[in-house]
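Below: the structure, in structure tokens.
Read the figures in this text as sums done on the coordinates, not as results from a lab. Just so it is clear, the model here is predicted, and its values are computed rather than measured. So basically every Cβ, Gly included, is an ideal-geometry build from the backbone, and we count neighbours across all protein chains shown.
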Ligand code: IMP
């Protein structure tokens, strides 16, 4: 492996963290490339559960360097919490974590605005309220504060005063909210500087140097294809590009640097927040998927909406991301279903369409096929041949529909519950 990208192919929560943990065994450097503390990456290592929102989960592997790339929006308080927690658990972080000087910082006014905008909106997005959209908006408006800016204390003071004038006017006049206190913001930036000053570097050139020195790099995406601001179900999306373009933009690497792109794909589909979801099952089966799969948000605790596998979504995701392989996760959650539904195409007003129509997804009706299920608990199967024949048929059927090889089947949260396809 030179450079491997791991991308969520659905609406996030596909089990990326477990698979990133798996692929980290063959990586020297792990880079988070977009999103922020809206993500919650859960890893079970040595029987202990960790939920990371910012620090790449590769940090649990000795000797690996972890990088927060320039495409990430970084909440300084969250990062400090994660560094402290890791320290308490005995993981050294300070010499193994690098932060891009160009990563934008999420400050209290971003979170306040995220909440206020959602509260006052007639068409809610159901954001995680972590300040993601307002921070990326500042990046585009060129009014953002970047990690590298904290190194200049004096210049920063003046910039925060100017930014706060504008933000507090919005908060107070537009939304009737309390203004954000400048001292609170400066204290956060001071703590961030104290903790992270030595980690803040130009990660783009660091990564290019590392590739020249034959280091193996894993690029870790957050969220998933259908939440992409350009390709997803706009406006019910996140404010970044979880897809392959985001991996390049958010690290400074180029397309020739990429060797493999693995799409992490759940054996059924979930979504958190508002927005169209054609294969959602609001009945007993959906509830059973939610309970069996523990489908509750790791960042917000919200119950995830659950439904059936959607082939059109996956075909488009595979095509747009240039997937070279798929890691098929949570197959164990389907044990016990007599019949398993798969949406193989869509119809709009009685006409078949063979693509994923992003913004018009609310108009489609899925066309289903049904496959026979299996009863056995499969979480201890270590080889593909150990799976019940109907489970094997399901995996092969999905692989054929998408046209991309399934290289891993995951049957549980633990590292060992992983079948590598031969
Ligand atoms: P935001 O990213 O907080 O602005 O939220 C925008 C949309 O993306 C909402 O529907 C969120 O529920 C969804 N979202 C954001 N992060 C994640 C994630 O890590 N997993 C699943 N959904 C997410």
| said: Angle check, please: helix 182-196 long axis (alpha carbons) against the longest principal axis of the chain (alpha carbons), in degrees 0 to 90, nearest 10. | reply: 70
| When ranked by the protection proxy of mean other Cβ atoms within 10 Å per residue, highest first, what sequence do the peptides 25-35, 251-261 form? | 25-35, 251-261
| task | Give the angle, between 0 and 90 degrees and rounded to the nearest 10, that separates the Cα long axis of helix 132-141 from the longest principal axis of the Cα atoms of the chain. | result | 60
| query | For the chain, what does -39500 (n - 2.57) per DSSP helix run (n ≥ 4), summed and divided by total residues, give at 222 nm, in deg cm²/dmol to the nearest 500? | reply | -9000 deg cm²/dmol
| remark: Computed over all unlike Cα pairs, the Kirkwood hydrodynamic radius of region 310-401 in Å stands at 14.7
| Taking a ≥ b ≥ c as the square roots of the eigenvalues of the Cα gyration tensor of region 356-422, is the shape rounded (a/c under 1.5), prolate (a/b larger than b/c) or oblate? | prolate
| What ranking, highest mean first, results for peptides 155-165, 395-405 when packing means the other Cβ atoms within 10 Å averaged over each residue? | 395-405, 155-165
| query | With axes computed from alpha carbons, what is the tilt in degrees of helix 389-402 against the longest principal axis of the chain, rounded to the nearest 10 within 0 to 90? | reply | 60
| message | From Cα pairs below 8 angstrom and at least 6 apart in sequence, can you work out the relative contact order of region 264-420, rounded to a whole percent? | response | 25
| note | Taking alpha-carbon centroids only, region 407-422 lies from region 125-173 a number of Å equal to 42
| Over the chain, what is the percentage of antiparallel beta bridges among all DSSP beta bridges, to the nearest 5? | 40
| field | Inter-centroid distance (Cα atoms) of region 371-402 relative to region 187-226, Å | value | 38
| field | Cα gyration tensor shape of region 187-232, rounded if a/c is under 1.5, else prolate or oblate by comparing a/b with b/c | value | oblate
| field | Relative contact order, percent, the chain [alpha-carbon distance under 8 Å, six or more residues apart] | value | 20
| field | Rounded to 5, percent antiparallel among DSSP beta bridges of region 264-420 | value | 70
| field | Convex hull volume per residue in cubic angstrom - Cα atoms of the chain | value | 138
| Mean separation of Cα contacts under 8 Å, 6 or more apart, over the residue count of region 294-350: relative contact order % | 43
